[in-house]
Amino acid sequence: MYSFSNKTVWITGATSGIGQELAIQLHSEGAQLILSGRNAEKLAQLKDQLSGAKILAFDLADPESIGSACATLDSQGTNVDVLINNGGISHRDYALQTTMAVHRQLMQVDYFSQIQLAQWAAKKMVAQKSGRIINMASMTGLIGSQQRSAYSAAKHALVGYCDCLRAEIDPLGVKVQTVFPSYVKTAISHNAITGKGEAYGRGDAEIDGGFQLQFFVSHLLDQVRKGKEDIVIAKGKPLWGWRLYRLSQNAYHKAVRKFYRRTSESS
């Protein structure tokens, strides 16, 4: 069983939701935390709760900001034992109503930023012959569904990258673990953007019926400790959809069309 005690763990998207709960639970296990997000004020508040934690604010939408954050850790001589790529943004709109600017924004935040950080960390971890890179994907990175085109595309890209990176660096002592959540009770829907890049600003029934945050993070860390490489934590329609997809992709596509047609007719 892997132990986070005395490990330097860098968590992005630490100001709320899954990232914040990861910070709280890992701090209780004795991890040495580096907490990142866009909001420096919220990071400072979290630091006050978690003694010994360090904060490093930057914006995943800005490659130069990411590079500066990595350069800061380099200048401090910081060796990261675990990178948790948790920060990101979601999307709610139909594909034909989603602008190319929004597609590029989602790819930058949910894919390019993730691999920029992963490649920085992987090079250091390969040199020290140990380390873990944990990427937060999504069930939509395995199966697509309505009104998630930009988000699903970015997560699919991330999953493909993780699979390739794992094959290359696992023999060198570095573990890559990919997490596939379904719905977790966070503000992800409220913080999502529409196809025009505007704030979505409301919840949805799937999120409201999702996993409790503390349970989800506790289960996630348990699977990480056990060394599981693809960590699926799902229930309800996403889980059954994934199982059907693995059994028959054609059957899955037909079922999704029927489900959303029925949902649209009843609304």
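Between the range 10-74 and the range 152-172, what is the C-alpha centre distance in whole Å? Using only Cα atoms, the two centres lie 23 Å from each other.
Highest mean packing first, where packing is the average number of other Cβ atoms within 10 Å per residue, the peptides 197-203, 27-33 line up as 27-33, 197-203.
Taken over the range 124-184, the ratio of Cα radius of gyration to 2.2 N^0.38 Å equals 1.28.
If you stretched the chain out fully between Leu172 and Glu41, how much longer would it get, using 0.36 nm times the residue separation minus the C-alpha to C-alpha distance? All intermediate terms of the calculation are to be shown ahead of the outcome.
On the way: separation 131, 0.36 × 131 = 47.16 nm, distance 3.84 nm.
So the chain would gain 43.3 nm between Leu172 and Glu41.
Where the alpha-carbon atoms of the range 199-239 are placed on the principal axes, they occupy 36, 20, 18 Å, in descending order. Multiplying the residue separation of Gln214 and His253 by 0.36 nm and removing their Cα-Cα distance gives an extension gain of 10.7 nm.
With a 1.4 Å probe and every protein chain kept in, tell me what percent of the accessible surface of the chain is carbon plus sulfur. Working shown, then result.
Numbers: 6520 of 12910 Å².
The nonpolar share, carbon plus sulfur, comes to 50 percent.
Report the antiparallel proportion of the DSSP beta bridges in the chain as a percent, rounded to a multiple of 5.
Working: 1 of 29 bridges.
Within the chain, antiparallel bridges account for around 5 percent of the total.
One quarter of the surface of the convex hull around the alpha-carbon atoms of the range 1-122 equals 8.4 nm², the direction-averaged projected area. Summing charges over all other residues whose Cβ lies under 12 Å from the Cβ of Ile66, with Lys and Arg as +1 and Asp and Glu as -1, gives -2. Put simply, the amide H of Leu33, placed in the peptide plane, has neighbours under 5 Å in Val9, Lys54, leaving out anything fewer than 5 places away on its chain.
Checking the Cα-Cα distances for Lys42/Lys124; Lys7/Lys47; Lys47/Lys155; Lys155/Lys185; Lys235/Lys258 against a 23 Å cut-off, the pairs over it are Lys42/Lys124; Lys47/Lys155. Dipole of the range 184-223 computed with +1 at Lys/Arg Cβ and -1 at Asp/Glu Cβ about the Cα centre; of Ile207, Gly197, Val184, farthest Cα towards the positive end is Gly197. Counting only alpha carbon atoms, the long axis of helix 63-75 and the longest principal axis of the chain meet at about 20°. Solvent-accessible surface of the chain, taken per residue with a 1.4 Å probe and all protein chains present: 48 Å². Max-minus-min Cα coordinates of the range 178-267 on each principal axis give 44, 36, 23 Å, with the largest extent listed first. Each 10 Å bin from zero up to the one holding the largest Cα-Cα distance in the chain carries the following percent of pairs: 7, 30, 38, 19, 6, 1.
The values are calculated or read from the model by the stated rules, or taken from the named source; none is laboratory data. What you see is a predicted model, and the numbers here were worked out from it, not measured in a lab. Reconstructed Cβ throughout: ideal geometry from the backbone, glycine too, with neighbour counts over all protein chains shown. Accessible surface areas use protein heavy atoms only, side chains included; no ligands, DNA or RNA. Shrake-Rupley method; radii C 1.70, N 1.55, O 1.52, S 1.80 Å.
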